[in-house]
């Protein structure tokens, strides 16, 4: 069984979903420290004046050691997002449908739940076959080996990671679990998947439904 383990990102770029398509089980890593200015609570969309702009969900002040699953959202963020999206994408036919979904996000109080919900929504939209779970529901004893322990918990034989993981992980760390890395995405759009869902929905769907080559083994 192939497994991927990623922090829950807010409406991530297409490479995140390419990874999901490669695996049988996708695990949200939500019980680790929240990193400020990362992708858990923000992503990028296009801008008329600049190459991109950030779409950020503000979070409440918390200790640096606070876990992702415990970070709470500051209320009142939704109207600004809707205004930004309408301004940048209002001319596209699919914008109205995306805004309808977006208006349902206001009731979330924790950023982990919100981010996971947006990823699940995209996965369901494209009918991804993988099972999706959260690490918050998995109890393991060795914190330094969290990823390996999760792989063993589900009896996974292969751990698949994005290409950036090459600088972080080695096969020796994973032992009997085969370590693989995705090749860099060839899709030229590195903005939030939201941008593609609005501006190129058919092309985005065809891209994610295409045959994806096997990920590369760890060196």
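The values are calculated or read from the model by the stated rules, or taken from the named source; none is laboratory data. The structure presented is a predicted model; accordingly, all values stated were derived computationally and were not measured. Using ideal geometry, Cβ is built from the backbone for each residue, glycine included, and neighbour counts are taken over all protein chains shown.
Here's the yes/no breakdown for (1) over 25 Å from residue 160 (Cα atoms); (2) at pLDDT 95 or above:
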| site | (1), (2) |
| --- | --- |
| 48 | yes, no |
| 72 | yes, yes |
| 91 | yes, yes |
| 114 | no, yes |
Point to revise | Tally, over the stretch 19-33, of residues that are touching a helix residue (DSSP H, G or I) at 6+ places or on another chain (Cβ under 9 Å), assigned to a strand (DSSP E or B) and either within 15 Å of residue 2 (Cα to Cα) or modelled with pLDDT of 95 or more (or both) | key: 3
Point to revise | Members of the stretch 76-99 that are in a loop (DSSP other than H, G, I, E, B) and under 15 Å from residue 10 (Cα atoms) | key: 77
Revision key, fill the gap. Apart from one, (1) touching a helix residue (DSSP H, G or I) at 6+ places or on another chain (Cβ under 6 Å); (2) free of Cβ contacts under 8 Å to residues at least 60 places away in the same chain all hold for residue 136; the odd one out is (2)
**Study point:** Residue list for the stretch 53-75, restricted to those being touching a helix residue (DSSP H, G or I) at 6+ places or on another chain (Cβ under 9 Å) and not in a strand (DSSP E or B)
**Key:** 57, 62, 68, 69, 70, 71, 75
Review point. Among 9, 16, 102, which is under 19 Å from residue 196 (Cα atoms), in contact with a helix residue (DSSP H, G or I) (Cβ under 7 Å, 6 or more places away or on another chain) and not in a loop (DSSP other than H, G, I, E, B)?
Key: 102
Practice item. Consider residue 29 carefully, then state whether it is closer than 26 Å to residue 158 by Cα, surrounded by fewer than 21 Cβ atoms within 10 Å (Cβ to Cβ) and under 11 Å from the mean Cα position of the chain (by Cα). Key: yes
Check your understanding: In the stretch 121-219, which helices (runs of 4 or more DSSP H) lie fully inside it and hold 1 or more residues that are surrounded by fewer than 17 Cβ atoms within 10 Å (Cβ to Cβ)?
Key -> 146-153, 171-174, 201-209
Review point. Considering the stretch 185-203 alone, what residues qualify as being more than 16 Å from the chain's Cα centre (by Cα) and touching a residue at least 24 places away in the same chain (Cβ under 8 Å)?
Key: 187, 198, 199, 201
